Amino acid sequence: MDFRERVGERLQALDREGLRRSARAVDGPQDGQLWVDGRRVLCLCSNNYLGFARHPALLSAVREALDAEGLGAGASRQISGSMQLHRRAEASLADFAQQAASALFTSGYACNVGVLQALVGPDDIVFSDRLNHASLIDGMRLSRAQVVIYEHADPDDLARKLASQRAAGRGALIVTESLFSMDGDFAPLRELAELARAYGAGLVVDEAHALGVLGPEGRGLCAELGVAPDVVIGTLGKAFGSQGAFVAGSEAAVDLIRNRARSYVYSTAPSPALAAAAIASSRLVRDAEGPRTKLRGHWQRLRQGLRELGYRILPGDSPIVPLMTGAPEPTMALSRQLFERGVFVHGVRPPTVPVGQGRLRIVPMATHSLEEIELALAAFAGVQR
Ligand SMILES: *Cc1c(COP(=O)(O)O)cnc(C)c1O
């Protein structure tokens, strides 16, 4: 088989398994309703939780930054320097995360890959929640550390594995998301922090979905539970409404990451305009108590209404509402039927979730009205199952 045949064959294999992915065409900005394939539909599939992707204050901060510092960063930070907006953004984000220091990355994916590869190496051991995000998994692979997977959100299993696997002298890291991206449930952060302390392990928490949504002033689940991890990761692409990411921790941990993370050292720094967006949205997020309360009402109504309709919803108290569908074909069929009724929801298939655990990942936004949430429930009531 030559290259062209191999590519064609692999695409056909994805088709046969019902796993070929494609993106719908959206016209206009990301918002509570979208123009998709020429139709106006309710958007229940984005992580733009607070509707900040087109927030006027955020857009004007970016316009001002473009005028002041231009668009491109020119090179990586160690080559062409940390611009004023980079430095100010990192101070804002460190403050937001209640940590001593922070470093900007171009995306959460790049951040996770770089941070884990920077913090551990082949002589170390990483304890990883079974459901951790692909970017965390890829960072562990790149680090070449030994990886021990513990059962999802199960501190007892982690305790057993720490006791049996942790050899003295080896560096150890516990890695978890706080609000899990596909299951919408929480990590037992207090128990994990206690285990980390007892075993001298570092604790790395990815707050991608929790920042802006949970905790006092939207500071995340760690802040809500009073847990101070060694290193916290946040993306600016979700509730922050923009693009990019940051890692926060002690001065030393962040300095080590700046020195060793390949996705930081060998990649052009984020645009100063995105750094300005980070400053503006961390302020907006802190002041968004009203939108957060509204969002909470929406997810609670959706969860309750869908359960009353007889759907199987994974338990949780978060805006990520997983409606379990099983195999790829029924997952995508339900997503198509809902689209026909004006509701845009994303069907999630392997390898994003385990085989047999396909689902619709339903996500409301703070900018939705209660009427829109009721319309969504009516669409779910009307589809054939
Ligand atoms: C989305 C996500 C990321 C990646 O962040 P991006 O900024 O979108 O690259 C990392 N971790 C988790 C848990 C995520 O859900």
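The values are calculated or read from the model by the stated rules, or taken from the named source; none is laboratory data. All values reported here derive from a predicted model rather than from experimental measurement. Here Cβ is always computed from backbone atoms with ideal geometry, including for glycine, and neighbour counts include all displayed protein chains.
If the requirement is being at pLDDT 95 or above and away from the ligand (no atom under 15 Å from the Cβ), which of these qualifies: 117, 99, 165?
Matching residue, one of 117, 99, 165: 99.
Within region 307-327, track down each residue that is within 28 Å of residue 221 (Cα to Cα), in contact with a helix residue (DSSP H, G or I) (Cβ under 6 Å, 6 or more places away or on another chain) and in contact (Cβ under 8 Å) with a residue 60 or more places away in the chain.
319, 321
Can you name every residue in region 337-350 that is touching a helix residue (DSSP H, G or I) at 6+ places or on another chain (Cβ under 8 Å) and outside any strand (DSSP E or B)?
Once the filter is applied, which keeps residues that are touching a helix residue (DSSP H, G or I) at 6+ places or on another chain (Cβ under 8 Å) and outside any strand (DSSP E or B), region 337-350 yields 338, 341, 342, 345, 349, 350.
State which residue is nearest to the ligand (Cβ to nearest atom) when the search covers only region 221-237 and only residues that are in a loop (DSSP other than H, G, I, E, B) and surrounded by 24 or more Cβ atoms within 10 Å (Cβ to Cβ).
Among those that are in a loop (DSSP other than H, G, I, E, B) and surrounded by 24 or more Cβ atoms within 10 Å (Cβ to Cβ), it is 236.
Which residue out of 185, 206 is within 16 Å of the ligand (Cβ to nearest atom), over 17 Å from residue 260 (Cβ atoms) and crowded, with 21+ Cβ neighbours inside 10 Å?
None of the others qualify; the one that does is 206.
Please go through region 40-85 and pick out each residue that is touching an Asp or Glu at 6+ places or on another chain (Cβ under 9 Å), within 24 Å of residue 208 (Cα to Cα) and part of a helix (DSSP H, G or I).
Within region 40-85, 53, 54, 85 meet the criteria.
From the list 72, 32, which one is exposed (fewer than 14 other Cβ atoms within 10 Å of the Cβ), within 30 Å of residue 272 (Cα to Cα) and under 27 Å from the mean Cα position of the chain (by Cα)?
Only one candidate passes the filter, namely 72.
Which is in contact with a His (Cβ under 7 Å, 6 or more places away or on another chain) and either more than 16 Å from residue 245 (Cα to Cα) or in contact (Cβ under 8 Å) with a residue 40 or more places away in the chain (or both), of 144, 130?
130
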